[in-house]
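One structure is given here, and the rest of the page talks about it.
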Amino acid sequence: MDAKFWHDRWQEGRLGFHEGKVNRMLEAHFHALGLTQGQRVFLPLCGKAIDIPWLLSKGYSVVGAELSEIAVHDLFSEMAVTPEVTDTGRHRRYAAECVDIFVGDIFDLSASVLGRVDAVYDRAALVALPEDMRARYAVHLADITEYAPQLLVTFEYDQSAMAGPPFSIPEQEVARCHGERFTINVLTDQDVPGGLKSVVAAREKALLLRPV
């Protein structure tokens, strides 16, 4: 799975991964991160998530990374906000009050460009990556956020019954990717109503990761 896969999905409007509403795990468990208003939350592979305006409405600052410029255009358009667009070298930065989105490859994003991160909310990144990319992503994420705590949302289902993304990420896979750097606590484990994509029975989990 490469960048073209995701560019094609956004270009063709095949956005089954876009929830179109605030994620239930975010609403229920964001408080577990223990943040205060004004602190900055990083959303890797954020798309045009409704979670972003929800976080802004709660008084947090948001920073995101997204491969597709179409997604970022849509995000600001749907928020009725006109961003300032600048070139950082490897990314284009879309900025408005309390929100910065970096368009480009997340693996090219550095801590110095990203800036301060107080917590990570990963609903769309780990579940979107094939197995051979996940460990590299986990290391990079920890590095650029300086081991900020994470609220991680995953799915667990019979991978043979449906091709990802989103991929099935069992707890042992979370441990493989993040266990050397973070303690991992499952906050909740619930059925996905109607099944994942209405195809396969699945569990949705929220996990809290704190640096060791």
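So which residues in segment 179-212 are open to solvent by 90 Å² or more (accessible area, probe 1.4 Å) and either among the basic types (Lys, Arg) or at pLDDT 95 or above (or both)?
Passing the criteria: Glu180, Asp191, Lys197, Val212.
Among the listed residues Asp87, Asp8, Asp2, which satisfies the condition of being loosely packed, with under 12 Cβ neighbours inside 10 Å and modelled with pLDDT of 95 or more?
Being loosely packed, with under 12 Cβ neighbours inside 10 Å and modelled with pLDDT of 95 or more holds for just one of Asp87, Asp8, Asp2, which is Asp87.
Can you tell me which residue in segment 131-163 is farthest from Val200 (Cα to Cα), limited to those that are at pLDDT 95 or above and in a loop (DSSP other than H, G, I, E, B)?
Among those that are at pLDDT 95 or above and in a loop (DSSP other than H, G, I, E, B), it is Glu146.
Criterion first (touching an Asp or Glu at 6+ places or on another chain (Cβ under 8 Å), open to solvent by less than 10 Å² (accessible area, probe 1.4 Å) and on the phi < 0 side of the Ramachandran plot) does Phe76 satisfy it?
It is false that Phe76 is touching an Asp or Glu at 6+ places or on another chain (Cβ under 8 Å), open to solvent by less than 10 Å² (accessible area, probe 1.4 Å) and on the phi < 0 side of the Ramachandran plot.
From the residues in segment 164-178 that are assigned to a loop (DSSP other than H, G, I, E, B) and in contact with a strand residue (DSSP E or B) (Cβ under 6 Å, 6 or more places away or on another chain), which one is surrounded by the most Cβ atoms within 10 Å (Cβ to Cβ)?
That would be Ile169.
Consider Arg116 carefully, then state whether it is surrounded by fewer than 21 Cβ atoms within 10 Å (Cβ to Cβ), over 19 Å from Pro165 (Cα atoms) and among the basic types (Lys, Arg).
Here the answer is yes, as Arg116 does meet what is asked.
Please tell me if Met25 is at pLDDT 95 or above and of a type outside the set (Asp, Glu).
yes
Which numbered condition trips up Ile101, out of (1) part of a loop (DSSP other than H, G, I, E, B); (2) surrounded by 23 or more Cβ atoms within 10 Å (Cβ to Cβ)?
Ile101 satisfies every listed condition except (1).
The values are calculated or read from the model by the stated rules, or taken from the named source; none is laboratory data. Computed from a predicted structure; not experimentally measured. Cβ sites come from the backbone with ideal geometry, for glycine too, and all protein chains shown count toward neighbours. With ligands, DNA and RNA removed, areas are computed over all heavy atoms of the protein, side chains included. Shrake-Rupley method; radii C 1.70, N 1.55, O 1.52, S 1.80 Å.
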